[in-house]
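> So that we are looking at the same thing, I have put the structure below in C-alpha coordinates.
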Amino acid sequence: MPQKDPKTVKSELKKGELKNLYYIFGKNIPEVEKLTKLIIRAAVGDNEEFALNKLEGRYLDTSELYDMIQMMPMMSEYNCILINDYNCEKPRENMAGLRAEDLNKKLIDVLKDIPHQTIVIFNVTGFEINAKTDFKTGKSIIKDKNRKLADLAAKMGALVECPIKTENELAKEIAVSVSARGALISLDRARELAEMCQSDTLTIRNEIDKLCAYVGSGEITADTLHNLVHRQSDVTFFKLADAVAAFNKKSAFEALDELMQDKDNRGAVLANITGSFIDMYRAVCARRCGKQIQDVKEDFAYVWDFKVKNAFRDSSRMSVRRLRECISILRDTNIALNSGGGDEKTILEQTVTKMLMTKN
(Lines give C-alpha, C1' and ligand atoms only; values in the text may rest on other atoms or scores of the structure.)
Protein backbone atom coordinates (compact mmCIF):
# COMPACT_ATOMS: atom_id res chain seq x y z
CA MET A 1 0.00 0.00 0.00
CA PRO A 2 2.41 2.73 -1.18
CA GLN A 3 1.68 6.19 0.17
CA LYS A 4 2.63 9.70 -0.81
CA ASP A 5 3.35 12.52 1.59
CA PRO A 6 1.62 15.92 1.23
CA LYS A 7 4.86 17.56 0.06
CA THR A 8 5.13 15.20 -2.91
CA VAL A 9 1.52 15.79 -3.92
CA LYS A 10 1.94 19.56 -3.67
CA SER A 11 4.99 19.32 -5.92
CA GLU A 12 2.98 17.32 -8.46
CA LEU A 13 0.18 19.87 -8.39
CA LYS A 14 2.60 22.69 -9.15
CA LYS A 15 3.72 20.75 -12.21
CA GLY A 16 0.10 20.28 -13.29
CA GLU A 17 0.15 16.54 -12.53
CA LEU A 18 -3.27 15.44 -11.29
CA LYS A 19 -4.53 11.97 -10.42
CA ASN A 20 -8.05 10.72 -11.07
CA LEU A 21 -8.44 9.34 -7.55
CA TYR A 22 -7.19 10.64 -4.20
CA TYR A 23 -7.62 9.23 -0.71
CA ILE A 24 -6.41 11.65 1.98
CA PHE A 25 -6.36 10.74 5.67
CA GLY A 26 -4.30 11.29 8.80
CA LYS A 27 -4.37 12.81 12.29
CA ASN A 28 -3.31 16.23 11.01
CA ILE A 29 -6.82 17.31 10.03
CA PRO A 30 -5.90 20.89 9.04
CA GLU A 31 -3.33 19.48 6.61
CA VAL A 32 -5.93 17.05 5.19
CA GLU A 33 -8.27 19.98 4.54
CA LYS A 34 -5.51 22.19 3.14
CA LEU A 35 -4.31 19.51 0.70
CA THR A 36 -7.90 18.84 -0.38
CA LYS A 37 -8.38 22.52 -1.22
CA LEU A 38 -5.13 22.60 -3.20
CA ILE A 39 -6.20 19.62 -5.32
CA ILE A 40 -9.62 21.16 -5.96
CA ARG A 41 -7.99 24.46 -6.88
CA ALA A 42 -5.63 22.73 -9.31
CA ALA A 43 -8.52 20.83 -10.88
CA VAL A 44 -11.21 23.49 -11.30
CA GLY A 45 -9.56 26.83 -10.52
CA ASP A 46 -12.20 29.46 -9.70
CA ASN A 47 -15.05 27.38 -11.12
CA GLU A 48 -16.00 25.39 -8.03
CA GLU A 49 -19.62 26.46 -8.37
CA PHE A 50 -19.94 24.66 -11.70
CA ALA A 51 -17.22 21.98 -11.65
CA LEU A 52 -17.18 20.72 -8.05
CA ASN A 53 -19.66 18.34 -6.40
CA LYS A 54 -19.43 17.86 -2.63
CA LEU A 55 -20.90 14.67 -1.15
CA GLU A 56 -21.23 13.40 2.42
CA GLY A 57 -19.90 9.89 2.75
CA ARG A 58 -22.62 8.68 5.11
CA TYR A 59 -25.31 9.48 2.52
CA LEU A 60 -23.37 8.40 -0.57
CA ASP A 61 -25.46 6.92 -3.38
CA THR A 62 -23.22 4.91 -5.71
CA SER A 63 -25.63 5.18 -8.65
CA GLU A 64 -25.67 8.96 -8.30
CA LEU A 65 -21.89 8.96 -7.93
CA TYR A 66 -21.47 6.94 -11.13
CA ASP A 67 -23.52 9.51 -13.07
CA MET A 68 -21.45 12.34 -11.62
CA ILE A 69 -18.20 10.59 -12.52
CA GLN A 70 -19.26 10.17 -16.13
CA MET A 71 -20.29 13.82 -16.56
CA MET A 72 -18.26 16.12 -18.76
CA PRO A 73 -16.73 19.16 -17.02
CA MET A 74 -18.33 22.59 -17.22
CA MET A 75 -16.18 25.69 -17.64
CA SER A 76 -13.01 23.86 -16.47
CA GLU A 77 -10.69 21.14 -17.62
CA TYR A 78 -11.82 18.66 -14.98
CA ASN A 79 -15.01 17.52 -13.30
CA CYS A 80 -14.19 17.26 -9.56
CA ILE A 81 -16.02 15.28 -6.86
CA LEU A 82 -15.21 15.54 -3.14
CA ILE A 83 -16.49 12.80 -0.84
CA ASN A 84 -15.99 13.57 2.83
CA ASP A 85 -15.89 10.92 5.57
CA TYR A 86 -16.93 7.80 3.71
CA ASN A 87 -16.30 5.09 6.30
CA CYS A 88 -16.09 1.56 4.93
CA GLU A 89 -16.77 0.25 8.44
CA LYS A 90 -20.20 1.94 8.38
CA PRO A 91 -20.92 3.35 4.90
CA ARG A 92 -24.40 4.61 5.70
CA GLU A 93 -25.95 6.63 8.49
CA ASN A 94 -28.68 3.99 8.65
CA MET A 95 -27.39 0.47 7.97
CA ALA A 96 -30.73 -1.30 8.51
CA GLY A 97 -30.96 -4.16 6.00
CA LEU A 98 -27.59 -3.27 4.47
CA ARG A 99 -24.19 -4.92 4.57
CA ALA A 100 -21.03 -2.81 4.57
CA GLU A 101 -19.26 -5.31 2.28
CA ASP A 102 -21.94 -4.99 -0.40
CA LEU A 103 -21.93 -1.18 -0.35
CA ASN A 104 -18.14 -1.02 -0.43
CA LYS A 105 -17.97 -3.42 -3.37
CA LYS A 106 -20.43 -1.29 -5.37
CA LEU A 107 -18.36 1.80 -4.63
CA ILE A 108 -15.09 0.21 -5.69
CA ASP A 109 -16.68 -1.07 -8.91
CA VAL A 110 -17.81 2.48 -9.71
CA LEU A 111 -14.36 3.91 -8.98
CA LYS A 112 -12.66 1.48 -11.31
CA ASP A 113 -14.24 3.32 -14.23
CA ILE A 114 -13.17 6.95 -13.69
CA PRO A 115 -12.72 8.75 -17.04
CA HIS A 116 -9.73 11.02 -17.62
CA GLN A 117 -11.79 14.22 -17.22
CA THR A 118 -12.93 13.40 -13.66
CA ILE A 119 -11.09 13.70 -10.35
CA VAL A 120 -12.54 12.00 -7.28
CA ILE A 121 -11.23 12.98 -3.84
CA PHE A 122 -11.96 11.05 -0.65
CA ASN A 123 -10.88 12.83 2.51
CA VAL A 124 -11.30 11.79 6.15
CA THR A 125 -11.79 14.54 8.73
CA GLY A 126 -14.56 13.29 11.02
CA PHE A 127 -13.52 9.83 12.18
CA GLU A 128 -10.33 7.96 13.03
CA ILE A 129 -9.08 5.19 10.78
CA ASN A 130 -7.68 2.15 12.55
CA ALA A 131 -4.04 2.16 11.46
CA LYS A 132 -0.70 0.89 12.72
CA THR A 133 2.69 2.47 12.09
CA ASP A 134 5.18 0.55 9.98
CA PHE A 135 8.47 1.16 11.80
CA LYS A 136 10.54 0.52 8.67
CA THR A 137 8.81 3.12 6.50
CA GLY A 138 7.26 5.36 9.15
CA LYS A 139 3.96 5.16 7.25
CA SER A 140 0.62 4.00 8.61
CA ILE A 141 -0.86 0.67 7.60
CA ILE A 142 -4.66 0.79 7.57
CA LYS A 143 -6.05 -2.19 9.48
CA ASP A 144 -9.82 -1.82 9.06
CA LYS A 145 -12.21 -2.11 6.11
CA ASN A 146 -11.08 1.25 4.72
CA ARG A 147 -7.91 -0.47 3.50
CA LYS A 148 -9.49 -1.71 0.25
CA LEU A 149 -10.54 1.78 -0.75
CA ALA A 150 -7.13 3.15 0.24
CA ASP A 151 -5.37 0.42 -1.74
CA LEU A 152 -7.45 1.25 -4.80
CA ALA A 153 -6.45 4.91 -4.51
CA ALA A 154 -2.79 3.93 -4.18
CA LYS A 155 -3.07 1.80 -7.31
CA MET A 156 -5.14 4.15 -9.48
CA GLY A 157 -4.15 7.56 -8.12
CA ALA A 158 -2.70 8.72 -4.82
CA LEU A 159 -3.00 7.58 -1.22
CA VAL A 160 -1.87 10.44 1.01
CA GLU A 161 -1.33 10.42 4.76
CA CYS A 162 -1.12 13.68 6.70
CA PRO A 163 0.50 12.74 10.02
CA ILE A 164 0.96 15.10 12.93
CA LYS A 165 4.35 16.75 12.52
CA THR A 166 7.15 16.49 15.06
CA GLU A 167 8.18 19.47 17.15
CA ASN A 168 11.34 19.89 15.04
CA GLU A 169 9.38 19.91 11.77
CA LEU A 170 6.92 22.39 13.19
CA ALA A 171 9.73 24.55 14.57
CA LYS A 172 11.20 25.02 11.10
CA GLU A 173 7.78 25.88 9.67
CA ILE A 174 7.11 28.30 12.53
CA ALA A 175 10.44 30.05 11.94
CA VAL A 176 9.67 30.41 8.22
CA SER A 177 6.15 31.67 8.90
CA VAL A 178 7.35 34.22 11.45
CA SER A 179 10.11 35.38 9.10
CA ALA A 180 7.59 35.85 6.28
CA ARG A 181 5.72 38.26 8.56
CA GLY A 182 8.88 40.29 9.13
CA ALA A 183 9.62 39.08 12.67
CA LEU A 184 12.24 36.75 14.17
CA ILE A 185 12.12 33.60 16.31
CA SER A 186 14.86 31.12 17.16
CA LEU A 187 14.39 27.40 16.55
CA ASP A 188 14.48 26.77 20.31
CA ARG A 189 11.63 29.25 20.88
CA ALA A 190 9.77 27.83 17.87
CA ARG A 191 10.02 24.33 19.37
CA GLU A 192 8.76 25.70 22.67
CA LEU A 193 5.78 27.28 20.91
CA ALA A 194 4.99 23.97 19.19
CA GLU A 195 5.09 22.17 22.53
CA MET A 196 2.98 24.82 24.27
CA CYS A 197 0.34 24.37 21.55
CA GLN A 198 0.58 20.54 21.64
CA SER A 199 1.63 20.59 17.97
CA ASP A 200 -1.86 21.71 16.95
CA THR A 201 -1.30 23.54 13.66
CA LEU A 202 -4.44 25.67 13.89
CA THR A 203 -3.54 26.84 17.39
CA ILE A 204 0.04 27.53 16.31
CA ARG A 205 -1.16 29.58 13.34
CA ASN A 206 -3.35 31.73 15.60
CA GLU A 207 -0.55 32.22 18.11
CA ILE A 208 1.89 33.24 15.36
CA ASP A 209 -0.55 35.90 14.15
CA LYS A 210 -0.88 37.25 17.68
CA LEU A 211 2.84 37.16 18.44
CA CYS A 212 3.86 38.83 15.18
CA ALA A 213 1.28 41.55 15.64
CA TYR A 214 2.75 42.20 19.08
CA VAL A 215 6.49 42.24 18.23
CA GLY A 216 6.20 43.79 14.76
CA SER A 217 9.66 43.47 13.19
CA GLY A 218 11.22 42.44 16.50
CA GLU A 219 12.11 39.05 17.97
CA ILE A 220 9.76 36.62 19.71
CA THR A 221 11.61 35.83 22.94
CA ALA A 222 10.96 33.36 25.74
CA ASP A 223 9.37 36.14 27.81
CA THR A 224 7.08 37.02 24.90
CA LEU A 225 5.91 33.41 24.64
CA HIS A 226 5.31 33.06 28.36
CA ASN A 227 3.41 36.35 28.57
CA LEU A 228 1.23 36.00 25.46
CA VAL A 229 0.75 32.30 24.71
CA HIS A 230 -1.69 30.29 26.75
CA ARG A 231 0.08 27.03 27.56
CA GLN A 232 -2.13 24.07 26.74
CA SER A 233 -3.25 22.22 29.88
CA ASP A 234 -1.60 18.91 29.00
CA VAL A 235 1.79 20.64 29.06
CA THR A 236 1.08 22.05 32.53
CA PHE A 237 0.05 18.61 33.81
CA PHE A 238 3.46 17.32 32.76
CA LYS A 239 5.08 20.36 34.36
CA LEU A 240 3.39 19.38 37.63
CA ALA A 241 4.44 15.74 37.30
CA ASP A 242 8.01 16.81 36.50
CA ALA A 243 8.10 19.04 39.59
CA VAL A 244 6.88 16.21 41.84
CA ALA A 245 9.46 13.86 40.31
CA ALA A 246 12.19 16.42 41.07
CA PHE A 247 10.84 17.17 44.59
CA ASN A 248 10.44 20.81 43.44
CA LYS A 249 7.74 22.17 45.74
CA LYS A 250 7.70 25.70 44.29
CA SER A 251 7.25 24.56 40.65
CA ALA A 252 4.65 21.96 41.64
CA PHE A 253 2.39 24.46 43.35
CA GLU A 254 2.89 27.03 40.58
CA ALA A 255 1.68 24.44 38.06
CA LEU A 256 -1.27 23.52 40.25
CA ASP A 257 -2.23 27.19 40.65
CA GLU A 258 -2.11 27.61 36.87
CA LEU A 259 -4.35 24.59 36.35
CA MET A 260 -6.86 25.69 38.98
CA GLN A 261 -7.33 29.08 37.29
CA ASP A 262 -9.47 27.38 34.64
CA LYS A 263 -12.63 27.20 36.74
CA ASP A 264 -14.72 25.68 33.94
CA ASN A 265 -12.48 22.60 33.71
CA ARG A 266 -11.57 22.00 37.33
CA GLY A 267 -13.32 18.64 37.29
CA ALA A 268 -10.83 17.32 34.76
CA VAL A 269 -7.71 18.46 36.66
CA LEU A 270 -7.34 15.40 38.89
CA ALA A 271 -8.02 13.00 36.02
CA ASN A 272 -5.32 14.61 33.91
CA ILE A 273 -2.79 14.74 36.76
CA THR A 274 -3.45 11.04 37.31
CA GLY A 275 -3.02 10.45 33.57
CA SER A 276 0.42 12.09 33.66
CA PHE A 277 1.56 9.76 36.44
CA ILE A 278 0.15 6.73 34.63
CA ASP A 279 2.14 7.84 31.56
CA MET A 280 5.30 7.85 33.70
CA TYR A 281 4.45 4.45 35.18
CA ARG A 282 4.10 3.02 31.68
CA ALA A 283 7.44 4.56 30.75
CA VAL A 284 9.21 3.06 33.78
CA CYS A 285 7.77 -0.38 33.09
CA ALA A 286 8.67 -0.09 29.39
CA ARG A 287 12.25 0.90 30.22
CA ARG A 288 12.63 -2.09 32.56
CA CYS A 289 11.46 -4.37 29.74
CA GLY A 290 13.85 -2.85 27.21
CA LYS A 291 11.14 -1.00 25.31
CA GLN A 292 11.63 2.38 23.64
CA ILE A 293 9.56 5.56 23.22
CA GLN A 294 8.13 4.42 19.88
CA ASP A 295 7.01 1.10 21.41
CA VAL A 296 5.02 2.87 24.12
CA LYS A 297 3.55 5.34 21.64
CA GLU A 298 2.36 2.48 19.43
CA ASP A 299 1.14 0.17 22.19
CA PHE A 300 -0.97 2.84 23.92
CA ALA A 301 -1.99 4.84 20.81
CA TYR A 302 -0.47 8.14 21.90
CA VAL A 303 -1.01 11.01 19.45
CA TRP A 304 1.53 13.50 20.82
CA ASP A 305 5.23 12.61 20.75
CA PHE A 306 6.07 14.99 23.57
CA LYS A 307 3.78 13.16 26.02
CA VAL A 308 5.78 9.94 25.73
CA LYS A 309 9.13 11.78 25.64
CA ASN A 310 8.22 13.72 28.78
CA ALA A 311 7.08 10.54 30.51
CA PHE A 312 10.37 8.78 29.73
CA ARG A 313 12.36 11.83 30.87
CA ASP A 314 10.49 12.52 34.11
CA SER A 315 10.05 8.89 35.13
CA SER A 316 13.83 8.37 35.13
CA ARG A 317 13.87 10.22 38.46
CA MET A 318 11.17 8.07 40.08
CA SER A 319 11.21 4.49 41.23
CA VAL A 320 8.36 2.11 40.44
CA ARG A 321 7.56 1.99 44.15
CA ARG A 322 7.26 5.78 44.37
CA LEU A 323 5.10 5.99 41.25
CA ARG A 324 2.77 3.34 42.64
CA GLU A 325 2.53 5.28 45.89
CA CYS A 326 1.72 8.52 44.03
CA ILE A 327 -0.95 6.81 41.95
CA SER A 328 -2.46 5.37 45.15
CA ILE A 329 -2.56 8.89 46.64
CA LEU A 330 -4.32 10.15 43.50
CA ARG A 331 -6.80 7.27 43.72
CA ASP A 332 -7.64 8.17 47.33
CA THR A 333 -7.99 11.83 46.31
CA ASN A 334 -10.50 10.86 43.64
CA ILE A 335 -12.55 8.98 46.24
CA ALA A 336 -12.40 11.99 48.60
CA LEU A 337 -13.51 14.44 45.91
CA ASN A 338 -16.40 12.23 44.78
CA SER A 339 -17.69 11.35 48.24
CA GLY A 340 -17.28 14.60 50.17
CA GLY A 341 -17.94 18.30 49.90
CA GLY A 342 -14.45 19.60 50.56
CA ASP A 343 -12.82 22.41 48.62
CA GLU A 344 -11.23 20.95 45.51
CA LYS A 345 -8.20 23.26 45.49
CA THR A 346 -7.41 22.51 49.13
CA ILE A 347 -7.73 18.76 48.58
CA LEU A 348 -5.47 18.89 45.51
CA GLU A 349 -2.88 20.97 47.38
CA GLN A 350 -2.87 18.31 50.11
CA THR A 351 -2.46 15.66 47.41
CA VAL A 352 0.54 17.38 45.85
CA THR A 353 2.09 17.77 49.32
CA LYS A 354 1.66 14.04 50.02
CA MET A 355 3.26 13.13 46.66
CA LEU A 356 6.19 15.48 47.33
CA MET A 357 6.75 13.67 50.65
CA THR A 358 7.09 10.24 49.02
CA LYS A 359 10.59 8.80 48.72
CA ASN A 360 12.40 6.86 46.03
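The values are calculated or read from the model by the stated rules, or taken from the named source; none is laboratory data. None of these values were measured; they are calculated from a predicted model. Cβ atoms come from the backbone with ideal geometry, glycine included; neighbour counts cover every protein chain shown. Each accessible area value is taken on the protein alone, full model and side chains, heavy atoms only, with ligands, DNA and RNA left out. Shrake-Rupley method; radii C 1.70, N 1.55, O 1.52, S 1.80 Å.
> E89 - would you say it is over 23 Å from N53 (Cα atoms), open to solvent by 50 Å² or more (accessible area, probe 1.4 Å) and outside any helix (DSSP H, G or I)? Spell out the reasoning first.
Numbers: over 23 Å from N53 (Cα atoms): yes; open to solvent by 50 Å² or more (accessible area, probe 1.4 Å): yes; outside any helix (DSSP H, G or I): yes.
Against the criterion (over 23 Å from N53 (Cα atoms), open to solvent by 50 Å² or more (accessible area, probe 1.4 Å) and outside any helix (DSSP H, G or I)), E89 qualifies.
> Just checking, which of T36, T8, T62 is of a type in the set (S, T, Y), at negative phi and in contact with a helix residue (DSSP H, G or I) (Cβ under 9 Å, 6 or more places away or on another chain)?
Selected residue: T62, the only one of T36, T8, T62 that is of a type in the set (S, T, Y), at negative phi and in contact with a helix residue (DSSP H, G or I) (Cβ under 9 Å, 6 or more places away or on another chain).
> Take the conditions more than 30 Å from E17 (Cα to Cα), surrounded by 18 or more Cβ atoms within 10 Å (Cβ to Cβ) and not acidic (D, E) and apply them to A158. Does it pass? It would help to see each step written out before you state the result.
Working: more than 30 Å from E17 (Cα to Cα): no; surrounded by 18 or more Cβ atoms within 10 Å (Cβ to Cβ): yes; not acidic (D, E): yes.
So A158 fails the test.
> Take segment 1-48 and flag every residue that is crowded, with 19+ Cβ neighbours inside 10 Å and free of Cβ contacts under 8 Å to residues at least 40 places away in the same chain.
Residues satisfying the conditions are A42, V44.
> Filter the helices (runs of 4 or more DSSP H) completely within segment 170-271 down to those with at least 2 residues that are out of contact with any Pro (no Cβ under 8 Å at 6 or more places or on another chain) and at pLDDT 90 or above.
Working: elements: 187-196, 201-215, 222-228, 233-245, 249-260.
In segment 170-271, 187-196, 201-215, 222-228 are the helices (runs of 4 or more DSSP H) which contain 2 or more residues that are out of contact with any Pro (no Cβ under 8 Å at 6 or more places or on another chain) and at pLDDT 90 or above.
> Every residue in segment 325-335 that is open to solvent by 50 Å² or more (accessible area, probe 1.4 Å) and under 19 Å from N248 (Cα atoms), please. Don't jump to the end; show me each part of the working.
As a first pass, look at segment 325-335 and keep what is open to solvent by 50 Å² or more (accessible area, probe 1.4 Å): 325, 331-332, 334-335.
Within segment 325-335, just E325 meets the criteria.
> Moving on to the next point. Going residue by residue through segment 135-149, is there one that turns out to be free of Cβ contacts under 8 Å to residues at least 40 places away in the same chain, more than 20 Å from A43 (Cβ to Cβ), assigned to a loop (DSSP other than H, G, I, E, B) and of a type in the set (A, V, I, L, M, F, W, C)?
no
> Looking at the structure I just gave you, is N338 modelled with pLDDT under 85, within 20 Å of K239 (Cα to Cα) and open to solvent by 50 Å² or more (accessible area, probe 1.4 Å)? If you could, list the steps in order and put the result at the bottom.
Details: modelled with pLDDT under 85: yes; within 20 Å of K239 (Cα to Cα): no; open to solvent by 50 Å² or more (accessible area, probe 1.4 Å): yes.
No.
> Assess whether R58 counts as being part of a helix (DSSP H, G or I), over 16 Å from I119 (Cα atoms) and in contact with an Asp or Glu (Cβ under 9 Å, 6 or more places away or on another chain).
Working: part of a helix (DSSP H, G or I): yes; over 16 Å from I119 (Cα atoms): yes; in contact with an Asp or Glu (Cβ under 9 Å, 6 or more places away or on another chain): yes.
So R58 passes the test.
> Looking at segment 78-120, which of the residues that are of a type in the set (D, E) and at pLDDT below 90 is farthest from G45 (Cα to Cα)?
First, the residues of segment 78-120 that are of a type in the set (D, E): 85, 89, 93, 101-102, 109, 113.
Next cut, at pLDDT below 90 only: 93, 113.
On the way: E93: 32, D113: 24 Å.
It comes out as E93.
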